[in-house]
1. Which residues, counting only those in the range 72-92, are in a loop (DSSP other than H, G, I, E, B) and under 12 Å from the mean Cα position of the chain (by Cα)?
2. Can you confirm whether the range 38-56 contains a residue that is at pLDDT 50 or above, farther than 30 Å from residue 162 by Cβ, assigned by TED's automatic domain parsing to the domain that holds residue 175 and within 15 Å of the chain's Cα centre (by Cα)?
3. Tell me, yes or no, whether the range 200-217 has at least one residue that is out of contact with any helix residue (DSSP H, G or I) (no Cβ under 8 Å at 6 or more places or on another chain), surrounded by fewer than 17 Cβ atoms within 10 Å (Cβ to Cβ) and under 30 Å from residue 65 (Cβ atoms).
4. Checking the condition surrounded by 16 or more Cβ atoms within 10 Å (Cβ to Cβ) and either more than 26 Å from residue 61 (Cβ to Cβ) or in contact with a helix residue (DSSP H, G or I) (Cβ under 7 Å, 6 or more places away or on another chain) (or both), which residue from 139, 106 passes?
């Protein structure tokens, strides 16, 4: 009996040590995360559909993830099911959502079966949808929904590796953000006022007058300059 108890304690110690060795957990509440993640594996075949993830980058300034390399709580939508309060990271170099299983194994979720997810960061919840891989669109994969109405405003964030981008000595991850407007399944990359009016041509005159009267200048990298226009457009469309 004592031998079995010793083996159980030793096994538990090994599991905890494996968690603590994860470099990305530094500074996070380990006990809180562990208690939340002890789910029954009844949903494993549906949720944990993907490949085991291993880090592929080294000696590069920064990281490949949106926001930061820590784990964020969020929900995952797979088919018609939503799995709540999981530990997630979003790799925006290769556009993959990572999830950490209760046993500590990290899975890169299959993008073909993941229709969306949310990330909670600094008391704000960010919602992402999967736009698929269609060649007819100028945006694919996951995108953050900044505004949802008859027209949706989407943000696509991507990181690339810039060789010798830091003091001409080290490689560095560089992030770029692009805004897109989606209407009735058609997606348009926002570059300025003219392009937005062309895309929303059915209410061009009303929108032009609204922007002029309210001194609105469309800035492709500032969502707050676009959202009022989309809100007004929705008010004009039955």
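1. 92
2. Taking every residue of the range 38-56 in turn, none turns out to be at pLDDT 50 or above, farther than 30 Å from residue 162 by Cβ, assigned by TED's automatic domain parsing to the domain that holds residue 175 and within 15 Å of the chain's Cα centre (by Cα).
3. Pass one, the range 200-217, residues out of contact with any helix residue (DSSP H, G or I) (no Cβ under 8 Å at 6 or more places or on another chain): 201-202, 205, 209, 212-213, 215.
Remaining after also requiring surrounded by fewer than 17 Cβ atoms within 10 Å (Cβ to Cβ): 201-202, 205, 209, 212-213, 215.
Imposing the further condition that a residue be under 30 Å from residue 65 (Cβ atoms) reduces the set to none.
There is no residue in the range 200-217 that is out of contact with any helix residue (DSSP H, G or I) (no Cβ under 8 Å at 6 or more places or on another chain), surrounded by fewer than 17 Cβ atoms within 10 Å (Cβ to Cβ) and under 30 Å from residue 65 (Cβ atoms).
4. Details: 106 fails: either more than 26 Å from residue 61 (Cβ to Cβ) or in contact with a helix residue (DSSP H, G or I) (Cβ under 7 Å, 6 or more places away or on another chain) (or both).
Among 139, 106, only 139 is surrounded by 16 or more Cβ atoms within 10 Å (Cβ to Cβ) and either more than 26 Å from residue 61 (Cβ to Cβ) or in contact with a helix residue (DSSP H, G or I) (Cβ under 7 Å, 6 or more places away or on another chain) (or both).
The values are calculated or read from the model by the stated rules, or taken from the named source; none is laboratory data. The structure presented is a predicted model; accordingly, all values stated were derived computationally and were not measured. Backbone-built Cβ (ideal geometry, glycine too); neighbour counts: all protein chains shown.
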